[in-house]
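Worksheet: one structure, shown below.
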Amino acid sequence: MAEIIVRFEHVVKIFAEGTRREIRAVDDFSLDVERGELITLLGPSGCGKTTSLRILAGFEFPTSGNVYIDGRLVNDVPPQKRDTSMVFQSYGLFPHMTVFENVAYGLKVRRRPKREIKERVSEVLALVGLEGLEDRSVGQLSGGQQQRVALCRAIVTQPKVLLFDEPLSNLDAKLRKGTREQIRRIQKELGITSLYVTHDQAEAMSISDRIAVMNAGRLQQLGTAEEIYARPANRFVADFIGEANFLTAKVLACQGGVVRIHLFDKEIEVHQDGAAFSPGEEVDVVVRPEAVDLVPVDEGDTSAEVLFSHYTGSVVLYALRLPDGGRLEVQVANPQERGLLSVGTQVGVRLHRRSLHLLPKGS
């Protein structure tokens with residue numbers, strides 16, 4: 001049985017409680033994080049992800065509910081006594097200190113022996129490829145190097161829980177990719193239980209064991225990247241994670257994980273484990289842009305007209321108008337091989353059956 005290191009238990013956080021400015025930032029939030037796991041809190045601005053992280057760190061206290069670290073209730077425990085470390089968005093480095101002094105700071109506060117400090121600082125700097133820069137001023141480092149120093153300072157104390165507050169948002173796209181790979185490698189190598197906050201979907205999906213999608217202070221879905229993308233729990237998750245089209249269909253029958261629906265004036269079978277729909281019920285059909293083939297008109301599930309195309313090199317995104325006036329966005333890979341379709345072209349649309357996902361209408 002997995003060991004739970006972090007537990008949020010029906011946590012609520014209300015700012016300005018009892019006033020006209022009252023804000024319910026976190027609303028009945030429950031989450032278990034297993035030992036050695038990296039869970040990302042993902043969602044739009046104002047969804048409660050950063051407040052939840054700050055509650056775990058001890059920078060905010062819950063209005064109600066409980067927070068546990070390794071079985072210990074920490075609701076009123078100050079940050080310095082929680083055995084957590086945080087990597088901040090702004091790095092939070094001391095500009096007047098060298099790389100070594102920044103990384104060693106937490107160990108010195110804990111009054112560790114000088115020899116141990118030197119050994120542990122050298123070990124973590126080697127982990128991130130910063131050996132030889134111990135005496136360098138942090139102001140002389142690049143943004144990526146400063147972020148790695150901040151990571152070293154957080155892990156050198158060997159915390160029980162490592163917290164990341166949008167740590168890569170100040171880096172350019174290329175540096176973000178390389179740094180997140182490094183964070184993931186180090187986190188797995190050290191086996192540190194981690195909670196990571198970001199609004200970047202690609203970042204969350206590439207770095208996490210599981211993702212907690214949040215909106216309006218509530219947990220919408222918890223699962224692996226594949227689960228939340230392929231089997232979203234509701235329309236918000238489907239729309240927030242990646243791109244999605246929503247088509248309306250009517251259920252004809254549902255049995256044994258096979259749902260027969262009426263869509264595009266034809267019967268289509270969708271395989272969906274655990275589906276529980278009733279005949280006659282309207283459902284939303286989640287169609288990802290890459291799960292559509294453009295074929296000759298007479299070979300598709302329906303026809304459509306090209307409204308516009310957006311060429312990006314490796315892919316082209318088409319906006320199509322369906323016969324009922326609805327809109328469908330389709331992503332086609334390797335357009336150099338397939339050629340580009342001009343506005344006004346009539347095409348056939350064929351849906352990938354295994355990629356379809358059904359949701360209760362308006363969920």
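Relative to the Cα centre, the charge distribution of segment 263-356, modelled as +1 at Lys and Arg Cβ and -1 at Asp and Glu Cβ, gives a dipole magnitude of about 380 debye. Taking 0.36 nm per residue of separation and subtracting the Cα-Cα distance, full extension of the segment from S363 to L307 would add 17.3 nm. For K160, the lysines whose Cα comes closer than 23 Å to its Cα, not counting residues fewer than 8 places off in the same chain, are K49, K81, K108, K114, K118, K188. Checking (i) -0.65, -0.97, -1.14; (ii) -0.54, -0.96, -1.26; (iii) -0.48, -0.89, -1.24 against log10 I(q)/I(0) by the Debye sum over Cα atoms at q = 0.09, 0.12, 0.14 Å⁻¹ calculated from these atoms, the matching label is (i).
Against the chain, whose longest principal axis is taken from its Cα atoms, helix 173-190 shows a tilt of about 60°. Modelled spin labels at L317 and A333, positioned 7 Å past Cα toward Cβ, are 1.8 nm from each other.
Rg and Dmax of segment 152-289, both derived from C-alpha coordinates alone, stand at 19.5, 63 Å.
Expressed as a whole percent, the accessible area of segment 51-124 that falls on carbon and sulfur atoms is 51 (1.4 Å probe). The alpha-carbon of K13 sits under 20 angstrom from the alpha-carbons of these aspartates and glutamates, leaving out residues fewer than 8 places away in its chain: E22, D27, D28, D32, E60, D76, D165. Stokes-Einstein diffusion for segment 1-118 at 37 °C, viscosity 0.692 mPa s, with a Kirkwood radius from C-alpha pairs, works out to 200 µm²/s.
With θ taken as phi - 60° and the Karplus curve 6.51 cos²θ - 1.76 cosθ + 1.60 applied, the whole-hertz 3J(HN,Hα) list for segment 258-269 is 10, 10, 9, 10, 9, 8, 6, 6, 8, 8, 10, 9 Hz, x standing for glycine and proline. Straightening the chain between T63 and K177 buys 37.4 nm, computed as 0.36 nm per residue apart minus the Cα-Cα spacing. For the pair L340 and E22, label points projected 7 Å from Cα toward Cβ lie 5.6 nm apart. Dipole check for the chain: with +1 at the C-beta of Lys and Arg, -1 at the C-beta of Asp and Glu, and the Cα centre as origin, the magnitude is about 1520 Debye. Each part gets one Cα centre, and for segment 66-134 versus segment 323-363 those centres are 50 Å apart. Since only N215, C152, G339 are under comparison, the one whose Cα sits farthest along the positive direction of the charge dipole of the chain, derived from C-beta charges on Lys, Arg, Asp and Glu, is C152. The residue list A230, A319, G43 was ranked by how far each Cα lies along the charge dipole of the chain toward its positive end, using unit charges on Cβ atoms, and G43 comes out on top. Between the residues V292, F246, V259, the greatest Cα displacement towards the positive end of the dipole of segment 244-308, with unit charges on the Cβ of Lys, Arg, Asp and Glu, is found for V259.
The values are calculated or read from the model by the stated rules, or taken from the named source; none is laboratory data. Since the model is a prediction, treat every value here as computed from it, not as a measurement. Positions of Cβ are backbone-derived with ideal geometry, glycine not excepted, and every protein chain shown enters the neighbour counts. With ligands, DNA and RNA removed, areas are computed over all heavy atoms of the protein, side chains included. Shrake-Rupley method; radii C 1.70, N 1.55, O 1.52, S 1.80 Å.
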